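The values are calculated or read from the model by the stated rules, or taken from the named source; none is laboratory data. What you are looking at is a predicted structure, and each value in this text was computed from that prediction instead of being measured. All Cβ positions, even for glycine, are placed from backbone atoms using ideal geometry, and neighbour counts span all protein chains on display.
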Protein chains: 2
Amino acid sequence: VLALSHEPARGPELGERDVPRAGAGEALVRVQLAGICNTDLEIVRGYMGFAGVLGHELLGVVERCDDVRWVGKRVVGEINLACGACSWCARGLGRHCATRRVLGIVGKDGCFAEHATLPIANLHEVPDEIDDRHAVFVEPLAAAFEIVEQVAVAPGMRVLVAGDGKLGLLCAMVLRDRGADVTVLGRHARKLAIAANVGCRTATVDDFDEVEFDLAVEATGSSAGLASAIERVRPRGTVVLKSTTHGAAEVHTARIVVPEITLVGSRCGPFAPAIAALRAGAIDPTPLIDDTFALADGLRALARAAEPGVLKVLLDPR
Amino acid sequence: VLALSHEPARGPELGERDVPRAGAGEALVRVQLAGICNTDLEIVRGYMGFAGVLGHELLGVVERCDDVRWVGKRVVGEINLACGACSWCARGLGRHCATRRVLGIVGKDGCFAEHATLPIANLHEVPDEIDDRHAVFVEPLAAAFEIVEQVAVAPGMRVLVAGDGKLGLLCAMVLRDRGADVTVLGRHARKLAIAANVGCRTATVDDFDEVEFDLAVEATGSSAGLASAIERVRPRGTVVLKSTTHGAAEVHTARIVVPEITLVGSRCGPFAPAIAALRAGAIDPTPLIDDTFALADGLRALARAAEPGVLKVLLDPR
């Protein structure tokens, strides 16, 4: 099968591989659509030292599975493959299992291919009401929903989303859907317009002096964003960190201690509310799609996704 | 009246001043005992640019007050003088009032003097069961109680207190009193023995490799402590920041985002639980007292408090 893989020594390349073998408890999934995430671009630049098939944002159809009830189902898949035996897994926190593998990121071939495998436990059936180009957003949208799992977001709450990239815009959509008064701070008029269309205020970084937000979501993808987000929340406010950047950020701890700011690291999130929001039509991520490429054009797709200002690029292996 | 004051240009000095005038709604307090805090030492080194009478850890007796019911009462006092009119004050968060003055720290003469003034609203009567040398610890002990206001601490929770200074030990006492399984990480056998006496585990920094704590309290007073505390908590664990240090700390944001760590800045706390714990005898801070000086020996007292390894130094103006 055709697959877009990466080796640290060779970089990304497109090639033919054997159909992956579904292990015990796993399903073989025929990939319908896959999304390119910034993490994929970082892996191509050397992050995580990953070697294997890229990709973790997946929509597919189960082709083979020990549990035949799954065969033929349209599915999305959680990306953390937990050991199932440790204390984290016992607490239902397999996303934090210390020996987890992660689809297309750590020790597990990903979904930029005609086929991928995933544990049945990771699969979520996609309701018929959700079309393919919405469903492929379930994984990144779940990461945005993680914020409202971690922080109580009340209607009218003054929220700043710093960053108008893919993740920032999805976070803004989720927070807006919860009734928050959301301001998206970014650099690109085209992206900010997407936020404005869902009822967010928008502002550009060169001309913004608002402070005293109840909550700031740091999704700039830059280490400098943290200090700036801390300055923009009120005393006892919360900063949610979404950017996983290389390198260290400089933080003046007194700026956290004196106003008693809370910082919350936030990564992968729950699929169920993301699926529910897409099913209800409460969130429409399709304005984020800038391009769709055939899998055979995967290298071009990666280059396109890495262009400045480009939002979501999809791969279609069909 | 004799007072120990500080001017950025001249440093600390002892001198005679007029008896301070209690403003509207204020009480004139005759100081019985005052404690030297690290913040006082930092102010003497230039922190906050404060000019005036030093000191904010106060035990005294009300000598003059418009509300005569307070006259003759033994009191301790909250240190933040809020405006009373802003939205923070309206929410009962005067500790975060943007225009607040702070006793002996920002725009308000402190308590290293024979007399001090404080708003009546800041006073707490000290129950008879609490003796003077306990009562003078109410303010720093309240700062330790702030942690259990901010973080749910359950019995058996694995807690690391990084730092065996005054504040670290008070935090350890409060957390131990809540039934947590507390490890104090420090450098001084003598200080660690105080923690061991209240049932804490102890460890020295040169020989410590435990990780996966549920909660870490950063009270080392050093900017480097933050990164180390982050490494020692489990995924989804909490780091409470107590140190207000000069300068910037380096933080790898991915170490917060990927394990979804929460960081909580923590400053002044509630007096009521501190008074209740001292009244019940649940916490005995007196092992922290290393020395008591007459106010007339205030400069020697500051020097003593600044010696490495010295814990609480008290001033007695009587």
Can you find a residue that is exposed (fewer than 14 other Cβ atoms within 10 Å of the Cβ), among the acidic types (Asp, Glu) and either more than 18 Å from the chain's Cα centre (by Cα) or modelled with pLDDT of 95 or more (or both) anywhere in the stretch B:50-69? yes
Filter result for the condition that a residue is farther than 25 Å from A:GLU7 by Cα and in contact (Cβ under 8 Å) with a residue 24 or more places away in the chain, over A:ASP67, A:ASP40, A:ASP109: A:ASP67
Across (1) touching a helix residue (DSSP H, G or I) at 6+ places or on another chain (Cβ under 6 Å); (2) farther than 23 Å from B:PRO308 by Cβ; (3) at pLDDT 95 or above, B:LEU215 clears everything bar (1)
Among A:GLY221, A:GLY247, which is the only one that is within 21 Å of B:GLY225 (Cα to Cα), more than 7 Å from chain B (Cβ to nearest Cβ) and surrounded by fewer than 19 Cβ atoms within 10 Å (Cβ to Cβ)? A:GLY247
Only residues that are within 14 Å of chain A (Cβ to nearest Cβ) and surrounded by fewer than 19 Cβ atoms within 10 Å (Cβ to Cβ): list them for the stretch B:84-101, please. B:CYS86, B:SER87, B:CYS89, B:ALA90, B:ARG91, B:GLY92, B:LEU93, B:ALA98, B:THR99
Which condition does B:HIS115 not pass, out of (1) touching a helix residue (DSSP H, G or I) at 6+ places or on another chain (Cβ under 9 Å); (2) buried (at least 22 other Cβ atoms within 10 Å of the Cβ), if it passes all the others? (1)
Please find, within the stretch B:261-278, the residue that is modelled with the lowest pLDDT out of those that are assigned to a loop (DSSP other than H, G, I, E, B) and touching a Leu at 6+ places or on another chain (Cβ under 9 Å). B:GLY269
If I ask for residues that are in contact with a strand residue (DSSP E or B) (Cβ under 8 Å, 6 or more places away or on another chain), within 18 Å of A:ARG236 (Cα to Cα) and either surrounded by 23 or more Cβ atoms within 10 Å (Cβ to Cβ) or free of Cβ contacts under 8 Å to residues at least 40 places away in the same chain (or both), which ones from the stretch A:141-162 would you list? A:ILE147, A:GLY156, A:VAL159, A:LEU160, A:VAL161
Output the residues belonging to the stretch A:286-318 that are under 24 Å from A:VAL198 (Cα atoms) and of a type in the set (A, V, I, L, M). A:LEU288, A:ILE289, A:ALA305, A:VAL310, A:LEU311, A:VAL313, A:LEU314
If you check A:ILE283, A:ILE289, which single one turns out to be farther than 30 Å from A:HIS6 by Cβ, away from every other protein chain (no Cβ under 14 Å), in contact (Cβ under 8 Å) with a residue 24 or more places away in the chain and under 18 Å from the mean Cα position of the chain (by Cα)? A:ILE283
Matching residues, the stretch A:2-56, being in contact with a Cys (Cβ under 9 Å, 6 or more places away or on another chain) and part of a loop (DSSP other than H, G, I, E, B): A:ALA22, A:LEU54, A:GLY55, A:HIS56
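Quick grid of which residues meet (1) of a type in the set (A, V, I, L, M, F, W, C); (2) over 17 Å from the mean Cα position of the chain (by Cα):
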{"position": "B:GLN150", "(1), (2)": "no, no"}
{"position": "B:MET157", "(1), (2)": "yes, yes"}
{"position": "B:LEU175", "(1), (2)": "yes, no"}
{"position": "B:ALA193", "(1), (2)": "yes, yes"}
